[in-house]
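Heads up, the thing below is written out as structure tokens.
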């Protein structure tokens, strides 16, 4: 299938089953709540008191990307809006993945991983790879590979987000009003 910039690819609607829709909307509510909490904390404390600028940029972009993920999954595909939102979403996900390499919480070091990186950083590498492959695939008109890679990125974001709610992590502290 060959495409050009003027003819959008019109895939079959990507449908989520009921359970995934509930999880998605619960994630949207949680991400919106955490984003408001993060803004509240940023107005109250100095950057160095709450993890520094990299932590705040990483978490803020991740929360906004989580909200955009819901729209990307549920909204119409193949439209000009989808393509532009996809570009923004892709840049956000690469930023989140790359910035994660500057964030270490001691878990990786305790496990003996090099440079204090942890298993969650594997998801960052998967994200960069999958976003790149997804973009290359859609540019070649390979919709199936594009969808596969972008859904992989969604799962990586979901898994990484779940890990941020573990005790002692920044998002857990925001969610339970510990800071």
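The values are calculated or read from the model by the stated rules, or taken from the named source; none is laboratory data. Quick caveat, the model's predicted, so the values are computed rather than measured. Heads up, the Cβs are rebuilt from the backbone with ideal geometry, glycines too, and the neighbour counts pull from every protein chain shown.
Take the conditions farther than 25 Å from residue 33 by Cβ and either part of a helix (DSSP H, G or I) or at pLDDT below 80 (or both) and apply them to residue 115. Does it pass?
Answer is yes for this residue.
How about the range 132-154: which of its residues are loosely packed, with under 14 Cβ neighbours inside 10 Å, at pLDDT below 95 and in a helix (DSSP H, G or I)? Once the filter is applied, which keeps residues that are loosely packed, with under 14 Cβ neighbours inside 10 Å, at pLDDT below 95 and in a helix (DSSP H, G or I), the range 132-154 yields 139, 144. If you go through the range 74-100 and pick out every residue that is surrounded by 14 or more Cβ atoms within 10 Å (Cβ to Cβ), more than 13 Å from the chain's Cα centre (by Cα) and assigned to a helix (DSSP H, G or I), you end up with 4.
Answer yes if at least one residue in the range 10-23 is within 22 Å of residue 163 (Cα to Cα), surrounded by 14 or more Cβ atoms within 10 Å (Cβ to Cβ) and modelled with pLDDT of 80 or more, and no otherwise. No, the conditions are met nowhere in the range 10-23.
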